[in-house]
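Notes to accompany the following structure.
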Amino acid sequence: MLRVGLTGGIASGKSVVGEMFVSLGAHLVHADHIAHSLMQPGQPVYNQVVRHFGREILNPDGGINRAKLADAAFSAPGPEGKHSPNVEDLNRIVHPAVIRSQDEWMDAISLEDPHGVAMVEAALLIEAGALKRFDRLIVVTCSAEQRAGRFSRRQNVNLETARAEVARRMAAQLPDEEKIKVADFVIDNCGPLEHTREQVREIWEKLRAQS
């Protein structure tokens, strides 16, 4: 089985790309979905996050409000060129548990489909130190203005707010130029979806041959 990492900056379109791979036969799991399940009440990660960031991040029902958690994580500015210390703390709590869950999922897929392609979509795959766990890495890219436009539509906020929020979150991620240096494949998601789909098909044929 081939283990493939799929990454890209915020609002780059990696989830859309992931679904394109699924339509061709890939197995896919989203690291964000794993993290969400690990932060449910009663989970060890939930307890650590609440202990560190305080009960102010909770909804009335006790669940974590992800918008409030993001505000808490990104609110404290770090030294120039460095991530916010709160982001670093959140990553130290969440990333190891997410990586363990990813490994368990890929192990299960390898038993189910020994010659298949197991793909993990994760925004912070490289930043989390998980790169060595994958046989191949795909990076999805697009322009900064496209990121802002997509984020604006997704979150239903104005473009100015979207630009500021994308910039804030991108500060906690490696720039595309650094991701591309370690990528096996790069998908340019700046154009129409059909162009993206063509790139996905070409890469899929290579992944299938290698698996």
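The values are calculated or read from the model by the stated rules, or taken from the named source; none is laboratory data. Quantities reported herein were computed from a predicted structural model and do not represent experimental measurements. Virtual Cβ from ideal backbone geometry, glycine too; neighbours counted across all protein chains shown.
Take the residues of the range 156-176 that are under 17 Å from the mean Cα position of the chain (by Cα) and assigned to a helix (DSSP H, G or I): which is surrounded by the fewest Cβ atoms within 10 Å (Cβ to Cβ)? So the residue we want is Ala167. Of all residues in the range 81-98, exactly one satisfies the criterion of being at pLDDT 85 or above and either in contact with a strand residue (DSSP E or B) (Cβ under 7 Å, 6 or more places away or on another chain) or among the basic types (Lys, Arg) (or both), namely Arg92. For beta carbons closer than 9 Å, sequence separation of 6+ or different chains, a first residue in the range 149-173 that is among the hydroxyl-bearing types (Ser, Thr, Tyr) and a second that is loosely packed, with under 15 Cβ neighbours inside 10 Å and part of a loop (DSSP other than H, G, I, E, B), the qualifying pairs are Ser152/Asn158. Counting only residues that are in contact (Cβ under 8 Å) with a residue 40 or more places away in the chain and out of contact with any helix residue (DSSP H, G or I) (no Cβ under 8 Å at 6 or more places or on another chain), the range 7-21 holds 3 of them. Residues in the range 114-143 that are among the charged types (D, E, K, R) and out of contact with any strand residue (DSSP E or B) (no Cβ under 7 Å at 6 or more places or on another chain): Glu127, Lys132.
Which residue is surrounded by the most Cβ atoms within 10 Å (Cβ to Cβ), if the candidates are limited to the range 130-155 and must be in contact with a helix residue (DSSP H, G or I) (Cβ under 9 Å, 6 or more places away or on another chain), basic (Lys, Arg) and within 28 Å of Gly116 (Cα to Cα)? Looking at residues that are in contact with a helix residue (DSSP H, G or I) (Cβ under 9 Å, 6 or more places away or on another chain), basic (Lys, Arg) and within 28 Å of Gly116 (Cα to Cα), I get Arg136. Of the helices (runs of 4 or more DSSP H) entirely within the range 1-120, those holding at least 1 residues that are under 22 Å from Val200 (Cα atoms) occupy 14-24, 31-38, 85-112. Taken over the range 82-100, residues that are surrounded by fewer than 17 Cβ atoms within 10 Å (Cβ to Cβ) and within 15 Å of the chain's Cα centre (by Cα) amount to 1.
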